[in-house]
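Participant: After the structure tokens below, expect a handful of questions from me.
The values are calculated or read from the model by the stated rules, or taken from the named source; none is laboratory data. These figures come from a predicted structure and were not determined experimentally. Neighbour counts run over all protein chains shown; Cβ positions are idealised from the backbone, glycine included.
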């Protein structure tokens, strides 16, 4: 099973889209195994976005992600990263396909509602940064046989 990190950013929380966004991942067959509603510390934000340090948008990104609560989550399933990224849509909402989270709800690149891991190494890093292994809930979904062969 593959795991991926997904975060509903402050704009998604403030716009009341938490339920809509979570339901999209559930309907795609991914299984939620960890979730936290929280304010992000500056230190956690800087560690999470360290790859962007030095870029012109970095300081604004840190200020934005720490400006309000987020929903941090870990989702699990075969091909979870690809499924989640497809469900979110491309980074720029105006280029995101209709039917994706960003295509349906997004307007600007700086307010694109969600973050998702872009690969296995990134997912492992981000999950480890936001959650401990004890935070993962191991559970059997009764509908699993209707989702997977």
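Participant: State which residue pairs qualify: first residue farther than 23 Å from residue 22 by Cα and inside segment 34-46, second residue at pLDDT 95 or above and surrounded by 12 or more Cβ atoms within 10 Å (Cβ to Cβ) in any location, beta carbons under 6 Å apart, and separation of 6 or more residues or different chains.
Facilitator: Listed pairs, sorted by first residue: 42/66.
Participant: Separate question: What number goes with the only condition from (1) part of a loop (DSSP other than H, G, I, E, B); (2) within 16 Å of the chain's Cα centre (by Cα); (3) modelled with pLDDT of 95 or more that residue 99 does not pass?
Facilitator: (2)
Participant: Can you work out which of the residues in segment 19-31 that are touching a strand residue (DSSP E or B) at 6+ places or on another chain (Cβ under 6 Å) and outside any loop (DSSP other than H, G, I, E, B) is nearest to residue 128 (Cα to Cα)?
Facilitator: Once the filter is applied, the top-ranked residue is 31.
Participant: So if I check each of 60, 68, which one is assigned to a loop (DSSP other than H, G, I, E, B) and out of contact with any strand residue (DSSP E or B) (no Cβ under 6 Å at 6 or more places or on another chain)?
Facilitator: Going through 60, 68 in turn, just one is assigned to a loop (DSSP other than H, G, I, E, B) and out of contact with any strand residue (DSSP E or B) (no Cβ under 6 Å at 6 or more places or on another chain): 68.
Participant: Of these, 106, 60, 89, which one is surrounded by fewer than 21 Cβ atoms within 10 Å (Cβ to Cβ) and over 19 Å from residue 135 (Cα atoms)?
Facilitator: Just a single option satisfies the conditions, and that option is 60.
Participant: Does residue 73 fit the bill of being at pLDDT 95 or above and surrounded by fewer than 19 Cβ atoms within 10 Å (Cβ to Cβ)?
Facilitator: When the stated conditions are applied, residue 73 does not pass them.
Participant: Quick one: in segment 39-57, which of the residues that are surrounded by 11 or more Cβ atoms within 10 Å (Cβ to Cβ) and out of contact with any helix residue (DSSP H, G or I) (no Cβ under 9 Å at 6 or more places or on another chain) is nearest to residue 122 (Cα to Cα)?
Facilitator: Only one residue tops the list, namely 50.
Participant: Which of the residues spanning segment 109-140 are touching a residue at least 60 places away in the same chain (Cβ under 8 Å), out of contact with any helix residue (DSSP H, G or I) (no Cβ under 7 Å at 6 or more places or on another chain), surrounded by fewer than 20 Cβ atoms within 10 Å (Cβ to Cβ) and not in a helix (DSSP H, G or I)?
Facilitator: The answer is 131, 136, 137, 138, 139.
Participant: What are the residues in segment 80-99 that are out of contact with any strand residue (DSSP E or B) (no Cβ under 6 Å at 6 or more places or on another chain) and within 10 Å of residue 4 (Cα to Cα), if any?
Facilitator: 82, 83
Participant: Still on this model: Could you tell me whether residue 13 is closer than 19 Å to residue 100 by Cα, surrounded by 14 or more Cβ atoms within 10 Å (Cβ to Cβ) and out of contact with any helix residue (DSSP H, G or I) (no Cβ under 9 Å at 6 or more places or on another chain)?
Facilitator: Criteria met by residue 13.
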